[in-house]
1. Would you kindly state how much longer the chain becomes between residue 345 and residue 431 on full extension, computed as 0.36 nm times their sequence separation minus their alpha carbon distance, in nm to one decimal?
2. Take segment 431-490, compute every pairwise Cα distance, and split them into 5 Å bins from 0; I just need the percent in each bin.
3. I'd like the orientation of helix 55-67 relative to the chain: the angle between its Cα long axis and the longest Cα principal axis, in ° from 0 to 90, rounded to 10.
4. Counting other Cβ atoms within 10 Å, which chymotrypsin sites (Phe, Trp or Tyr not before Pro) in segment 73-139 have at most 16 and lie in a DSSP loop?
5. Order 394-406, 179-191 from most to least packed using the mean count of other Cβ atoms within 10 Å.
6. What number, rounded to the nearest 500 deg cm²/dmol, is the helix-based mean residue ellipticity at 222 nm of the chain, given -39500 (n - 2.57) per DSSP H run of at least four residues and division by all its residues?
7. Which GluC sites (Glu not before Pro) in segment 139-202 pass both tests, a DSSP loop state and at most 13 other beta-carbon atoms within 10 Å?
8. Separation of segment 1-71 and segment 421-492 by C-alpha centroid, Å?
Amino acid sequence: MTEYEPVIGLEVHAQLITNSKMFCSCPADYQSAPPNTHVCPVCLGLPGTLPVINSEAIKKIILTGLALNCSIAEQTKFDRKSYPYPDLMKGYQISQFDLPICYDGHLDIDVDGEARRIGIERIHMEEDVAKLFHRTEAGSGEGYALVDVNRAGVPLMEMVGRPDIRSAEEARQYLVAYRSILQYIGVSTGSMEEGSFRCDANVSIRPKGVLEYGTKVEVKNMNSFRAVFHAIEFEIERQSKVLNEGGRIVQETRGWVEAKGETISLRSKEKANDYRFFPEPDLPPLIVKQSWVAEIAELLPELPIERRVRFEDELGLSPYDAGQVTASPRLADYYESVIQHYIEINGPSGTIAKSAANWTITELGRLSNDGQIPVEDSPLKAEYLAELIGLIDQKIIGTSQAKIAAESMFTTGKSAKITVEELGLAQITDSSAIGDAVREVIEANPSAVADYMAGKETAAKFFVGQVMKVTKGKANPTIVSELIIEQLEAKK
């Protein structure tokens, strides 16, 4: 069996956050608008209309290019890309062909501790298309489609990566890193679920050691990072099987079917599409002054990789923890706010950075997934989490009680102190009360006492568990351990 190497390149579309569309003044926020209400003669493609370039969109694509180490073209232009499809109102799309705004960049990723640099060929500006809704007629079963033009004309940025990716996991990490950058610089929501962040993958394989590329297959219809990973994994396996059985790979477009966990053929691409690109006659060439690029560069915030390194160096976080809490800018802001509030309440601590990371990533991450609410949008405010961690450090509550409190706080939005008081979660620290519980447990378990007397000190752990059970987890475990040893030793 021949061993193959995958060769993968991604094409990623991201809608830009602007008030108006790319070439007209219609509102760009189409998600909640009734169908066909954010439209005008320009985005409807009516004869005689003239487009006007949205300067804010140009500013944001330049900002993206700078964040991705791209060169910025001093002169660029728009082109007409012609292809007949029902979602294309004009019969062509205003896009860019040979003179993209951003080119020759790269994005660094980390996969299993190995640094990888993925080249970026270009980032160009275009307009989004209308949205089709496929329906089936009740009774007759005949299919039909509805067209909502609200999305047509929304600023759309396409990033074309070089075929430098060598695994499905690299592809996933590349997408995660790119979306994170877009969110940090505030140019796109990066939501695959809402369609503002979309990805197509070009996948081919070649025998290991061979430099020549194999026949590529384009994979579409992937609406999550998980889907991208599994679709590429499937396609690599499918192509390997075809070649090992003596077949040949057909250049085609395939779609990912989530329910079946497989790709299916959509259309052949044996011949290159003839989009008949030519310069958009209604838009003049665009001159990008370097002085403007320099002004835009000043707007670049701390990027994800820079924040991650700072958290590692200044806070002592592990690369994994730092990567998790810097996944999105708002989550990183939340995490830093927890630390700041903790210090304001309790003073400096050598453990708060790690504790805050553990709670943010693990416990709040679980609650966030269950409730489908981002941690930073939940009612559990950063100052309340800081307060909760402080109660743990002060031995007022234990970790198990804190988890119960956090779950309640995530729903109610109440502070840690109020929640702990209302739920009666505070630890029992009264030695006499705990002593009574210890005495009761020791008297009820003579065989365990005998084990301890015989030198089996692990029996003491059994008693700790029993006392915590009797006190419903509220007894201070340090005091419990001390009293158990004291009472058992007294029996010798």
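Laboratory data are not the source of any read-out in this text; all were calculated from the coordinates shown. Computed from a predicted structure; not experimentally measured. Note: ideal-geometry Cβ built from the backbone for every residue, glycine included; neighbour counts use all protein chains shown.
1. Going from the current span to full extension adds 28.2 nm.
2. Taking all Cα pairs of segment 431-490, the binned fractions are 4, 21, 37, 24, 11, 2, 0 percent.
3. That works out to roughly 60 degrees.
4. Those that pass, being in a loop and sparsely packed, are 97.
5. By packing density, highest mean first, the sequence is 179-191, 394-406.
6. So the calculated ellipticity at 222 nm is -12000 deg cm²/dmol.
7. Listed in order of number, the matching sites are 142, 193, 194.
8. Cα centroid to Cα centroid, the span is 65 Å.
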